[in-house]
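Before any comments, here is the structure.
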Amino acid sequence: MSDPRLSRVARAERIARLMDRAVRLPGTRIRLGLDSILGLVPGVGDTLALAPALFILQEAYRMGLPRRDLARMARNLGIDWVIGLVPLIGDIFDVGWKANLRNAAILRDHVERTPQNKGTAPSQARPLQI
């Protein structure tokens, strides 16, 4: 029987790929995503890129990831956002850091190492408390 959590992980991975490596720069091995492109807009671009990143973090929370993993994911986003605010340096950093892919990997690792019946079931998902 298939683990229903894997479809949620796959959705998070699709979002992460779109945000971090959707297109390849012609003639190079460099891949960019919407995060890097939005980051070019001074001030608001990096903040706008947080919305899909926070969705991945919220999914992880709802799927019952341990606080340690959630903290790692939040740290990845914080680093990406703070350094992304620095003109030019932040844009270059965004190309290499890929916080969304890192976070999707943390989520997949948790799901693959945790039995399906252990942890939070999708029907018992925790609401995000702010």
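Does region 39-72 hold any residues that are farther than 14 Å from I106 by Cα, crowded, with 20+ Cβ neighbours inside 10 Å and of a type in the set (A, V, I, L, M), and which are they?
A49
Can you tell me how many residues in region 38-68 are outside any helix (DSSP H, G or I) and either farther than 25 Å from R113 by Cβ or aliphatic (A, V, I, L, M) (or both)? Write out each step before concluding.
Narrowing region 38-68 to residues outside any helix (DSSP H, G or I): 39-44, 49, 63-66.
Remaining after also requiring either farther than 25 Å from R113 by Cβ or aliphatic (A, V, I, L, M) (or both): 39-44, 49, 63, 65.
Matching residues across region 38-68 total 9.
Looking at L128, is it modelled with pLDDT of 95 or more, in a loop (DSSP other than H, G, I, E, B) and of a type outside the set (G, A, S)? Show your work before the answer.
Working: modelled with pLDDT of 95 or more: no; in a loop (DSSP other than H, G, I, E, B): yes; of a type outside the set (G, A, S): yes.
In short, no.
Condition (residue is in contact (Cβ under 8 Å) with a residue 24 or more places away in the chain and over 14 Å from G96 (Cβ atoms)) applied to region 24-41: is it met by at least one residue?
Among the residues of region 24-41, at least one is in contact (Cβ under 8 Å) with a residue 24 or more places away in the chain and over 14 Å from G96 (Cβ atoms), which makes the answer yes.
Given the residues D35, D20, which is the only one that is assigned to a helix (DSSP H, G or I), modelled with pLDDT under 95, within 12 Å of the chain's Cα centre (by Cα) and closer than 15 Å to L77 by Cα?
Working: D20 fails: modelled with pLDDT under 95.
The conditions single out D35.
Do any residues in region 69-90 that are outside any helix (DSSP H, G or I) have Cβ atoms under 6 Å from those of residues that are charged (D, E, K, R) and buried (at least 18 other Cβ atoms within 10 Å of the Cβ), where the two are at least six apart or on different chains, and which pairs are they?
Qualifying pairs under 6 Å: L85/D46.
The values are calculated or read from the model by the stated rules, or taken from the named source; none is laboratory data. Because the structure is a prediction, the values reported are computed rather than measured. Ideal geometry is used to build each Cβ from the backbone, glycine not excepted, and the neighbour counts take in all protein chains shown.
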